[in-house]
Amino acid sequence: MKKVLLLWLLVSQLWAITALGQATTTPYQVDWLRDGAITAGGIGATVIGSTILLNKERLTEADLIGLDKDEVNRFDRFLAGEYSESAENASDYPFYGSFVAPLFLLLDKDVRQNAPQVYLLYGQAMSIAGGLYALTAGLTKRKRPSVYAENAPLDARLHKYATNSFYAGHTAATASATFFVAKVFHDFNPGSPARPFVWAAAAAVPATVGYLRMRAGKHFLSDNIVGYAVGAGIGILVPELHRRDARISLAPDSTALYDGVAVVYRF
């Protein structure tokens, strides 16, 4: 997943660099230096997180002895022991397909004229999604549902990523991509009767990925809820924060207790 995400980020940035003649019929405004730096930071976080993931302590056969499903919280316990290789393979189709879904935006003339800007934002959204996931999964050690599956092959239960259950990276990445597409289509096509259908498709695809990942024993329900929310939030907020008439923005904030960033909503 990490290799595919990094490849797509590089492709999207090359697209932006090589197609610089953008038109003015766009709801967005970008700062190429600032937004490029944010994207680079997201890619850097993805690389760091992936390094942490690869160096996590792996489970051993001794860890499986006496493993008890009751250690899983009641909300998620019904999935402990789930395992399906076919569901895992099936989840890859909508997952990888979502990465190229933004290319369909090129069917819109205004988007096509502003492709460098749009795909810079897409690269930024995916880099943030990748960085957040990799760091979170790298710094947590939640066992996947398949670890509890006594009918699963031993190599599946002891996989190097067996403790990467939190949160659902496939679901988050898919939601980031599909909700980005829906948000951009929404902003470029005010009043379009197709908007509800685009949003419905954007919501359905990551939900499908999440369901299949649960059936595969890769994630618990709470992992998917968090992944879905994080991914959808990134896919929507990155374009929204770049709108010329954005009501929501990020601003530096300093108090006696902290220095940070505040979310500002303009009524």
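All of PHE197, PHE180 fail the test of being open to solvent by less than 10 Å² (accessible area, probe 1.4 Å) and more than 14 Å from ALA87 (Cβ to Cβ), apart from PHE180. Being on the phi < 0 side of the Ramachandran plot, of a type in the set (A, V, I, L, M) and open to solvent by 50 Å² or more (accessible area, probe 1.4 Å) holds for only one residue in LEU106, LEU158, LEU154, and it is LEU154. What are the residues in region 87-117 that are touching a residue at least 24 places away in the same chain (Cβ under 8 Å) and farther than 18 Å from ALA175 by Cβ, if any? Passing the criteria: ALA87, GLU88, ASP108, ASP110, VAL111, GLN113, ASN114, ALA115, PRO116, GLN117.
A quick yes/no check of all residues on (1) more than 12 Å from ALA175 (Cβ to Cβ); (2) within 21 Å of the chain's Cα centre (by Cα); (3) at pLDDT below 55:
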| residue | (1), (2), (3) |
| --- | --- |
| ALA202 | no, yes, no |
| ASP223 | yes, yes, no |
| VAL238 | yes, yes, no |
| ARG244 | yes, no, no |
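In the set HIS170, HIS186, only one residue is open to solvent by less than 50 Å² (accessible area, probe 1.4 Å), under 29 Å from LEU103 (Cβ atoms) and not in a loop (DSSP other than H, G, I, E, B); that residue is HIS170.
Just for helices (runs of 4 or more DSSP H) wholly inside region 52-154: which have at least 2 residues that are charged (D, E, K, R)? Correct list: 61-64, 85-100, 109-113. Entry remark, region 29-77: residues being over 19 Å from ARG157 (Cβ atoms), of a type in the set (Asp, Glu) and either in contact with a helix residue (DSSP H, G or I) (Cβ under 7 Å, 6 or more places away or on another chain) or touching a residue at least 60 places away in the same chain (Cβ under 8 Å) (or both) number 1 in total.
The values are calculated or read from the model by the stated rules, or taken from the named source; none is laboratory data. Small disclaimer: the values here were computed from a predicted structure and weren't measured. Counting neighbours? That spans all protein chains shown, and the Cβs are built from the backbone with ideal geometry, glycine included. Note: accessible area is taken over every heavy atom of the protein model, side chains too, but ligands, DNA and RNA are not part of it. Shrake-Rupley method; radii C 1.70, N 1.55, O 1.52, S 1.80 Å.
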